[in-house]
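Values in this text are rule-based calculations from the coordinates and carry no lab data. Note that this is a predicted model, so its numbers are computed, not measured. Neighbour counts are summed over all protein chains in view; Cβ atoms, including those assigned to glycine, are modelled from backbone coordinates with ideal geometry.
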Amino acid sequence: MGMQSSNDRLRGARGGSEGAAGHRDAPDRFVAEASPSPAYDDPWYNALASGWGESAGAEVPGPAPRREPAVEPPRAAADVYLEVQRSAAFQEVRSRYRGFVVPAVVAFLVWYLAYVVAATTMSTLMARPVAGAVNVAMLAGLGQFLSTFLLTWAYTRHARLRRDRAALELRWDTQELTRGARGGAS
């Protein structure tokens, strides 16, 4: 028996390595043999990626019909996630994240572009020896590596001290809310 893709097209059922285009012409008996996909509360689970795995001239089929779980409609979990996303705690975590990442990315890109521009336009400055065979360009290049490691350290420290605890609490709250939306099933 072959694998079933998220858009309910069977892959590898005929034992060959034919592409997705060959499965469109496959008889319905292959689809009937496939086990039904489990019901997930993820709204993106059955979303098709346009053109994914399709040949250049092949016609892209329409979206496969969603299989609704028998127990609870999938909107319950989506509503929980929207509620959490709109909460003040989530907005605080996102603002702390952006408050670090945006300035850090801007500073790092300015530093990187300054290095590239200096290396291409100021070759006499970059070729100036500092100590023996070591010149300004080598020190600036090593500075790029050092700044990358420093930025990584600063990011992980910021995440640990300012975001991880709040994000973990949000995760636990979200799990409790989705458990309640599914009627206590886990």
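Karplus-based coupling profile of segment 154-162, in residue order and whole Hz: 5, 5, 5, 5, 4, 4, 5, 7, 10, with θ = phi - 60° in 6.51 cos²θ - 1.76 cosθ + 1.60 and x standing for Gly or Pro.
Near N135, the amide H atoms lying under 5 Å from its own belong to V130; only residues 5 or more places off or on other chains count, and H is placed 1.01 Å from N. Within segment 99-122, name every residue whose backbone N is under 17 Å away from a label modeled 7 Å from Cα of L150 along the Cβ vector. From segment 99-122, the list is 101, 103-116. Here's how it looks for M122: its modeled amide H is under 5 Å from none belonging to a residue 5 or more places away or on a different chain. For segment 77-181, averaging the sequence separation of C-alpha pairs within contact (under 8 Å, six or more residues apart) and dividing by the residue count gives a relative contact order of 45 percent.
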